[in-house]
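These notes concern the structure reproduced below.
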């Protein structure tokens, strides 16, 4: 069997701009779950004013990384939206005009 020699790759020269961690992501403030912050708020499928804040105009659920909901309340919100859709309080999708 023929043996192959590995050729060393030339290392990439770093410029002054690369030094100092220019690849870091910007720091964002962590959003707070509004249901954890305000204990009086309840997630109910009949409360359309609260539920529609977490649904886009196309009828999609807004993800928790955008709304800031914790996992527990995001799950409760998802079931509330699904119940509201099945009872026809919320549309599944909007009509395309």
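Given the conditions (1) modelled with pLDDT of 95 or more; (2) loosely packed, with under 10 Cβ neighbours inside 10 Å, which single one is not true for residue 74?
Only one criterion in (1) modelled with pLDDT of 95 or more; (2) loosely packed, with under 10 Cβ neighbours inside 10 Å is unmet by residue 74, namely (2).
Hey, any hits in region 12-23 for a residue that's over 30 Å from residue 88 (Cα atoms), surrounded by 10 or more Cβ atoms within 10 Å (Cβ to Cβ), at pLDDT below 75 and over 17 Å from the mean Cα position of the chain (by Cα)?
There is at least one residue in region 12-23 that is over 30 Å from residue 88 (Cα atoms), surrounded by 10 or more Cβ atoms within 10 Å (Cβ to Cβ), at pLDDT below 75 and over 17 Å from the mean Cα position of the chain (by Cα).
Let me confirm something: among 43, 51, which residue is under 19 Å from residue 92 (Cβ atoms) and modelled with pLDDT of 90 or more? Before the answer, list the steps.
Details: 43 fails: under 19 Å from residue 92 (Cβ atoms).
Selected residue: 51, the only one of 43, 51 that is under 19 Å from residue 92 (Cβ atoms) and modelled with pLDDT of 90 or more.
Filter region 37-65 for residues that are surrounded by 10 or more Cβ atoms within 10 Å (Cβ to Cβ), within 19 Å of the chain's Cα centre (by Cα) and in a helix (DSSP H, G or I) and give the result.
50, 51, 52, 53, 54, 64
The values are calculated or read from the model by the stated rules, or taken from the named source; none is laboratory data. Just so it is clear, the model here is predicted, and its values are computed rather than measured. Note that we place each Cβ from the backbone using ideal geometry, even for glycine, and neighbour counts take in every protein chain shown.
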